[in-house]
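The values are calculated or read from the model by the stated rules, or taken from the named source; none is laboratory data. Computed from a predicted model, the values in this text were never measured in an experiment. We place every Cβ from the backbone using ideal geometry, glycine too, and count neighbours over all the protein chains shown. These accessible areas exclude ligands, DNA and RNA; they are computed on the full protein's heavy atoms, side chains included. Shrake-Rupley method; radii C 1.70, N 1.55, O 1.52, S 1.80 Å.
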Amino acid sequence: RSSDLASAVLLWASYVGAQTPVMPPTVQVKMKESATLNCDVGIKDYVVSFYKQIPGDAPKLILYHFHSYGSPNYGVGMSSAHYTAAVNSQGTQYQLIVKDAETADVAHYYCAKWYASVNGWVFSQSSKLIVTGVKYPEPSIMLFSPQPEEPTANVQPTLTCHISNLTVAFGTVNWMVDGKATQNAVTSEPSRDPTDKTFSISSYLTLPTVNQNSLYTCQVQQAGSDSVTAHNLKLSECA
């Protein structure tokens, strides 16, 4: 899971400090263009690996490379048809190049370097690759009203927005109350349907009170798309 890998990253980071490889938080590329993900490893010392992780799946090795190699070595199912790598003459800056980027490339990417000084692999933080200029199929949104219990000091009414049939795992969920944005929501990590490979997320809006006549709106925008899908709920109209 991405959270497990992130924990490992932070553990290594606290141990090796400045030697932790660095990747940009986000890289955007237009559909069918090449994306370049940079990895700064700081010092020339053994090989560098690149990994891809789609949320809900285990990380997969794309390739590993070293400044003295003529070409990178690829992981299972990966090839030079879609990926390549480059390294500067000092052996401190590596690049993963994704050719002809498509929606299947939207994922977390990591680089990792073997450091003899710690006798182990050190991972970077993740770098999100976002493919832009894409028109995705519209996702499905279901809005659920709060449970009927009376709110108390410890239990406040919560509206639930379940979003499914997302093409990519990354996106932005926003809530509005009577047309005004609110920041009181918590959104879950995406889960992936093993059958159709689409993603789903849930978002929860907790408020001190709810108004039966207010209009509650949940909207989602998939990363890389200009389209926003929204669904409204007015409690007074619920059966």
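I'd like the full set of residues that are part of a loop (DSSP other than H, G, I, E, B) and open to solvent by 50 Å² or more (accessible area, probe 1.4 Å), limited to the stretch 168-193.
Residues of the stretch 168-193 part of a loop (DSSP other than H, G, I, E, B): 168-170, 178-179, 183-184, 188-190, 193.
Across the stretch 168-193, the qualifying residues are D178, G179, Q183, N184, E189, D193.
Restricting to the stretch 144-159, name every residue that is at pLDDT below 70 and of a type outside the set (G, A, S). Please lay out each step first, then the result.
The initial filter retains those residues of the stretch 144-159 that are at pLDDT below 70, namely 148-154.
P148, E149, E150, P151, T152, N154 - these are the residues of the stretch 144-159 that are at pLDDT below 70 and of a type outside the set (G, A, S).
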**Report entry** Every residue from the stretch 44-70 that is more than 20 Å from the chain's Cα centre (by Cα) and open to solvent by 70 Å² or more (accessible area, probe 1.4 Å)
**Finding:** K44, Y46, Y64, S68, Y69, G70
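Within the stretch 93-126, which residues are hydroxyl-bearing (S, T, Y) and in a loop (DSSP other than H, G, I, E, B)?
Taking the stretch 93-126 as the starting set, the residues that turn out to be hydroxyl-bearing (S, T, Y) are 94, 103, 109-110, 115, 117, 124, 126.
Across the stretch 93-126, the qualifying residues are S117, S124, S126.
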**Report entry** Matching residues, the stretch 213-239, being more than 26 Å from G133 (Cα to Cα) and in a loop (DSSP other than H, G, I, E, B)
**Finding:** N213, S214, C238, A239
Query raised in the report: V210 fails exactly one of the following numbered conditions: (1) open to solvent by less than 60 Å² (accessible area, probe 1.4 Å); (2) hydrophobic (A, V, I, L, M, F, W, C); (3) more than 18 Å from K128 (Cα to Cα); (4) in a strand (DSSP E or B). What is the number of that condition?
Result: (4)
**Report entry** Tabulated pairs, the stretch 208-224, first β-branched (V, I, T), second open to solvent by less than 40 Å² (accessible area, probe 1.4 Å) and part of a strand (DSSP E or B), C-beta under 7 angstrom, 6+ apart or interchain
**Finding:** T217/W175; V220/I141; V220/I163; V220/V173; V220/T229
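Anything in the stretch 127-139 that is in a loop (DSSP other than H, G, I, E, B) and surrounded by fewer than 18 Cβ atoms within 10 Å (Cβ to Cβ)? List them, or say none. Break it down into steps so the answer makes sense when it comes.
Initial filter on the stretch 127-139 (in a loop (DSSP other than H, G, I, E, B)): 133-139.
Selection gives G133, K135, P137, E138.
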**Report entry** Total residues in the stretch 4-38, condition at pLDDT below 95, open to solvent by less than 60 Å² (accessible area, probe 1.4 Å) and either among the hydroxyl-bearing types (S, T, Y) or touching a Ser or Thr at 6+ places or on another chain (Cβ under 9 Å) (or both)
**Finding:** 8
